[in-house]
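The structure under discussion appears below in the form of structure tokens.
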Amino acid sequence: MRVIVVGAGVTGLTSAVCLAECGADVHVIARDLPLETTSAVAAAWWYPYRALPQDRVMAWARRSYVVFAELAADARSGVVMRDGVEVHRTPQPDPWWRSAVPDLRRVHDLPAGYVDGWSFRGPVVETAGYLPYLHRRLLQAGGTLTRMALGCLPTGGDVVVNCTGLASRALVGDTELLPIRGQVVRLSQVGLDTVWLDASGTSPTYVVPRSTDIVVGGTDEEGSWDLQPDLAIAQEIVVRARRLVPRLAAADILGHRVGLRPGRGCVRLERENREGASPVVHCYGHGGAGVTLSWGCAEEVAALVGYQNSRSELSSVPRSAS
């Protein structure tokens, strides 16, 4: 079966890998190459953020957690399991996604000003390494990736998979999509290995350590299309991050990045039959959880294309993914 996947962010690449490793003849077409996409900007800590509906998101997130935990055993993947702490200024019930993680523990030794919190071990996906890793898996499974700007979805192939994120607003006329601007700052690594999150403010404050740097954020600006970093906002992000994790006072600023999350009332993951053209499987609108939901959604994409037994193939690392 010939499948054309449109979009080369984490959703498109993961779906393409899943399909190619199930035996499909997969060809990815994208305006932006993987390291140019919004996915490359993401701090990419596993966390189901700004994505609905909760029941489907829970299932996708749970499955993705399992696959990422297995991928973390392969140093080539760019996936690292890290402890993370979420803190709150008021007492909170367990998070709605509690059952998606193996172990969530209440934290009692909290920073000043916080009265509640929990900790769990979860994947941090270092996208600078992970996106090329997915690209290699795609090529090794016989797939291709071509840069091409499209004005509409292609008509060729047996099935088209639409993973264009925010671009689906213009590409398929989905005006329910809107940008959610996220700005982050890259800091030098100062020996930090724990993720921290304070989601109590108007914008979340997160600190996500990676191998060679630390990503701190962020912003949550609904409706903003501005891709230029705002230095005043960057300064405010760093102040918030250092207040949450005082060790960051010793960290140098390495750079600034902005990404536009594809916001939507609900993730669109469904098959659409088109008169006179190949059917389309749409998979977009993941909000701030594209990485978090990527493998669970990819499996469902494969099932909607026609590969019902894809799940058993996903969690194993291929023999040659170097």
Checklist line | Residues within the stretch 226-253 that are assigned to a loop (DSSP other than H, G, I, E, B), within 25 Å of the chain's Cα centre (by Cα) and under 12 Å from residue 214 (Cβ atoms), tallied | finding: 1
Next item on the list: Could you list all residues from the stretch 7-40 that are assigned to a strand (DSSP E or B) and either within 17 Å of the chain's Cα centre (by Cα) or of a type outside the set (A, V, I, L, M) (or both)?
Entry: 25, 27
Next item on the list: Considering only residues that are among the hydroxyl-bearing types (Ser, Thr, Tyr) and not in a strand (DSSP E or B), look in the stretch 178-203 and name the one that is nearest to residue 126 (Cα to Cα).
Entry: 194
Notebook entry, point to check: In the stretch 208-225, what count of residues is obtained for those that are surrounded by 15 or more Cβ atoms within 10 Å (Cβ to Cβ), not hydrophobic (A, V, I, L, M, F, W, C) and not in a loop (DSSP other than H, G, I, E, B)?
Noted result: 4
Check: Looking only at the stretch 254-278, which residues are touching a strand residue (DSSP E or B) at 6+ places or on another chain (Cβ under 6 Å), over 20 Å from residue 10 (Cβ atoms) and modelled with pLDDT of 95 or more?
Finding: 254, 255, 256, 271, 272
Notebook entry, point to check: Does at least one position in the stretch 59-72 carry a residue that is in contact (Cβ under 8 Å) with a residue 12 or more places away in the chain, loosely packed, with under 14 Cβ neighbours inside 10 Å and in a loop (DSSP other than H, G, I, E, B)?
Noted result: no
Next item on the list: Report, by residue number, each residue of the stretch 93-129 that is of a type in the set (Gly, Ala, Ser), part of a loop (DSSP other than H, G, I, E, B) and on the phi < 0 side of the Ramachandran plot.
Entry: 112
Margin query: Given the condition modelled with pLDDT of 95 or more, of a type in the set (A, V, I, L, M), surrounded by 14 or more Cβ atoms within 10 Å (Cβ to Cβ) and farther than 21 Å from residue 283 by Cβ, answer yes or no: does some residue in the stretch 167-176 qualify?
Written below: no
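The values are calculated or read from the model by the stated rules, or taken from the named source; none is laboratory data. Quick caveat, the model's predicted, so the values are computed rather than measured. As a convention, Cβ positions derive from the backbone with ideal geometry for all residues, glycine included, and neighbour counts pool all protein chains shown.
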